[in-house]
Amino acid sequence: MAPWLTEFFPVRAGLFQILIANTLILNHNGISDNHRFESVGEGIVSNLKNHRGIQSLIVGTLLLAGIAVQPVNAQSSGKKTNVKQLNVQADKLRDSFIRQSADIARRYSDAGDYEKSREMLESILSIKKDVPGVKEMIKQLNEKLMSSNSSDFEIDAARNWSTPAGFIAKGKMVRIQSTGAYDFEIDVKTSVEGLPDATPMKDLAAGIPPGALMGIVISQEKGKRKLGKPFKIGEKAEYVPKDDGILMIGLNLPAGHRSKGKIKVRISGYIRRTAN
């Protein structure tokens, strides 16, 4: 097949082979030797002029070629257009979600439900992490949570421990603050070498300074009571529990002590107080 044909008509080479084959068959069947091709180009033009059947065949073949090619291009273009439209729709949906979530968070905050408000703001960050102002608002809500749900009570040094401070939830922060002083009195005998480095007195919690205010969480594991690791409170502590449970607050005092006095404690945050 002449190269100029494929350059002149932007269709597949196979279709031109069919076109030329049909023309040669008709010519072979006696359509006239006078119309024999002197060149490929002149032959096709001559047959187009003198034989309308051939002309119709060629035109039909070219039309079919156009139909075969165009849908492929249209489909490819359509896919690109659809993806762009989907991206635009996705962006609009995301922006709408952010606006509505921010509005609901504001209304929760106005109603005093700071935890729900924070959850809505956190849902915004889950789909877009760089929304201006959201992280700062979450910090403000955390502070409101720490100060809004608070309660005060006292610990008598003579008793060591308070009643259960309240129920706390895994991963939810509580803030504990204390003020005051008490008399730490014990009757301990020692040699001139002093007290050993190991815990010298019964019932003292390891790793906590003697006499310090501390906390411990009592939880459940497979139906049995589980004691968490004691943590120091001192004057102030912000604690995130690893398990749901009951928070106990007391002084790290040994058995047999004769301490006197009371200290004041305030707890706030994610805690549900129990009855004293």
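Each reported figure results from applying straightforward, stated rules to the coordinates on display, with no laboratory input. It should be emphasised that the depicted structure is a prediction, and the values quoted were computed from it without experimental measurement. Cβ sites come from the backbone with ideal geometry, for glycine too, and all protein chains shown count toward neighbours.
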* Starting from the Cα-Cα distance between K139 and R225, subtract it from 0.36 nm times their residue separation and give me the gain in nm to one decimal. => 27.5 nm
* Structure fact -> Check: C-alpha center the range 170-190 vs C-alpha center the range 85-144, spacing in Å is 40 Å
* Stokes-Einstein translational diffusion, the range 209-272 - Kirkwood Rh over all Cα pairs, 1.002 mPa s, 20 °C, in µm²/s -> 161 µm²/s
* Sites K232 and R107, calculated FRET efficiency, Cβ-Cβ separation with R0 41 Å, nearest 0.05 -> 0.55
* Structure fact -> Whole-percent tail of the Cα-Cα distance distribution for the range 76-146, cut at 18 Å, equals 46 percent
* N160 label point, 7 Å along Cα→Cβ, cut-off 15 Å on backbone N: hits in the range 255-274? -> 255-260
* Least to most buried among R94, R118 (fewest other Cβ within 10 Å first) -> R94, R118
* Asked: Where in the range 146-173 does the label zone of K260 land, with the point 7 angstrom along Cα→C-beta and an amide N cut-off under 17 Å?
  -> 156-160
* Determine which aspartates and glutamates satisfy two conditions relative to K139: a Cα distance under 20 Å, and not lying fewer than 8 residues away in the same chain. => D103, D110, D113, E115, E119, E122, D130, E238
* To do: Provide the net charge surrounding I176, with neighbours chosen by a C-beta distance below 14 Å and charges set as Lys +1, Arg +1, Asp -1, Glu -1.
  => +3
